Amino acid sequence: MTTARPHEDIAYANVSELSSHRGIMSRTIDIPDEVYAQLEQHARRRGLTLPQTIAALIHEDEKARMAAAIARLRTQGVLLSPSSAAPPAPTDFEPIQVQGKPLSEVLIEERR
């Protein structure tokens, strides 16, 4: 079993990469030696440090989870897909003049 310290040798490529992280936390995790070796190989192939590789894998996982959640919502009909077939808003719109207070003022008063 190998003990990995994720932020031990962080080397960020630039300031924007550092600022894109949510913050640096120090955690010690125990993982099987085989998994640690696979992570190291993956990091070397990508030219990254082990902590950068772990962060990238987490980011990829978050993106995949978000895409799956959006797909589920679309399947359930809760979220509509963006449509390029929707007609554009009219450019010659003129509001109808009515008597009384503007609706926005009436709503504000009723909420008080």
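Structural remarks
- Within the stretch 47-82, the set of residues being of a type in the set (Val, Ile, Thr) and more than 17 Å from the chain's Cα centre (by Cα) comprises Thr49, Thr53, Thr75, Val78.
- Unmet requirement for Ile54, which otherwise passes all of (1) out of contact with any His (no Cβ under 7 Å at 6 or more places or on another chain); (2) free of Cβ contacts under 8 Å to residues at least 40 places away in the same chain; (3) assigned to a helix (DSSP H, G or I): (2)
Rundown of residues vs (1) loosely packed, with under 10 Cβ neighbours inside 10 Å; (2) closer than 30 Å to His42 by Cβ; (3) of a type in the set (A, V, I, L, M), yes/no style:
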{"position": "His59", "(1), (2), (3)": "no, yes, no"}
{"position": "Glu62", "(1), (2), (3)": "no, yes, no"}
{"position": "Met66", "(1), (2), (3)": "no, yes, yes"}
{"position": "Ala71", "(1), (2), (3)": "no, yes, yes"}
{"position": "Thr75", "(1), (2), (3)": "yes, no, no"}
{"position": "Pro82", "(1), (2), (3)": "yes, no, no"}
{"position": "Pro88", "(1), (2), (3)": "yes, no, no"}
{"position": "Pro95", "(1), (2), (3)": "yes, no, no"}
{"position": "Glu105", "(1), (2), (3)": "no, no, no"}
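- Total residues in the stretch 14-51, condition in a helix (DSSP H, G or I), at pLDDT 85 or above and surrounded by 10 or more Cβ atoms within 10 Å (Cβ to Cβ): 13
The values are calculated or read from the model by the stated rules, or taken from the named source; none is laboratory data. It should be emphasised that the depicted structure is a prediction, and the values quoted were computed from it without experimental measurement. FYI the Cβ positions are ideal-geometry reconstructions off the backbone, even for glycines, and counts take in every protein chain you see.
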